[in-house]
Amino acid sequence: MAGEPRAEASAAHHLGTPIAALPAASGVAARAFAVWTAVTCIVTATCAFSLDQPVVVMLTVASFAAALLFFAVELAVFRTMTVANIATPAVIASVSALWLLKHLRDGA
């Protein structure tokens with residue numbers, strides 16, 4: 001009927017669901033995020049001390065690209081984040097990746 005919300009095919013379907021209505025992150029998700037953060041710190045620190053190694057620099061750029069892709073998918077597909085949530089990490093990852101690519105291009 002017109003005006004009535006249609007039933008979703010799956011209880012796990014979150015598209016269009018307000019963020020506040022979504023379930024909180026599980027302990028596993030929180031621990032996975034902690035591991036992701038630790039790995040990112042290790043990769044970035046290694047890059048900082050190995051700027052003369054193009055493979056290490058490109059690995060770091062790839063990790064920033066993976067983070068940007070993750071946030072974009074969470075925003076656009078799953079709608080579990082807002083632009084405000086991802087603005088800071090997106091700016092940091094984008095600027096850092098561009099700086100590293102410039103560094104590689106300049107051969108410094």
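Can you pull out the helices (runs of 4 or more DSSP H) entirely within the stretch 19-108 that have at least 1 residues that are among the hydrophobic types (A, V, I, L, M, F, W, C), without any contact (Cβ under 8 Å) to a residue 12 or more places away in the chain and surrounded by 14 or more Cβ atoms within 10 Å (Cβ to Cβ)? Where helices (runs of 4 or more DSSP H) fall fully within the stretch 19-108 and carry at least 1 residues being among the hydrophobic types (A, V, I, L, M, F, W, C), without any contact (Cβ under 8 Å) to a residue 12 or more places away in the chain and surrounded by 14 or more Cβ atoms within 10 Å (Cβ to Cβ), they are 27-48, 54-73.
Let's see how each residue does on (1) among the hydroxyl-bearing types (Ser, Thr, Tyr); (2) in contact with a helix residue (DSSP H, G or I) (Cβ under 7 Å, 6 or more places away or on another chain):
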| residue | (1), (2) |
| --- | --- |
| CYS41 | no, no |
| ALA45 | no, no |
| ASP52 | no, no |
| VAL57 | no, yes |
| LEU68 | no, yes |
| ALA72 | no, no |
| THR82 | yes, yes |
| ALA90 | no, yes |
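Any read-out appearing in this document is the output of simple, stated calculations on the displayed coordinates, not a laboratory observation. Predicted model, so just to flag it, every value in this text is computed and none were measured. All Cβ positions, glycine included, derive from the backbone under ideal geometry; neighbour counts span all protein chains shown.
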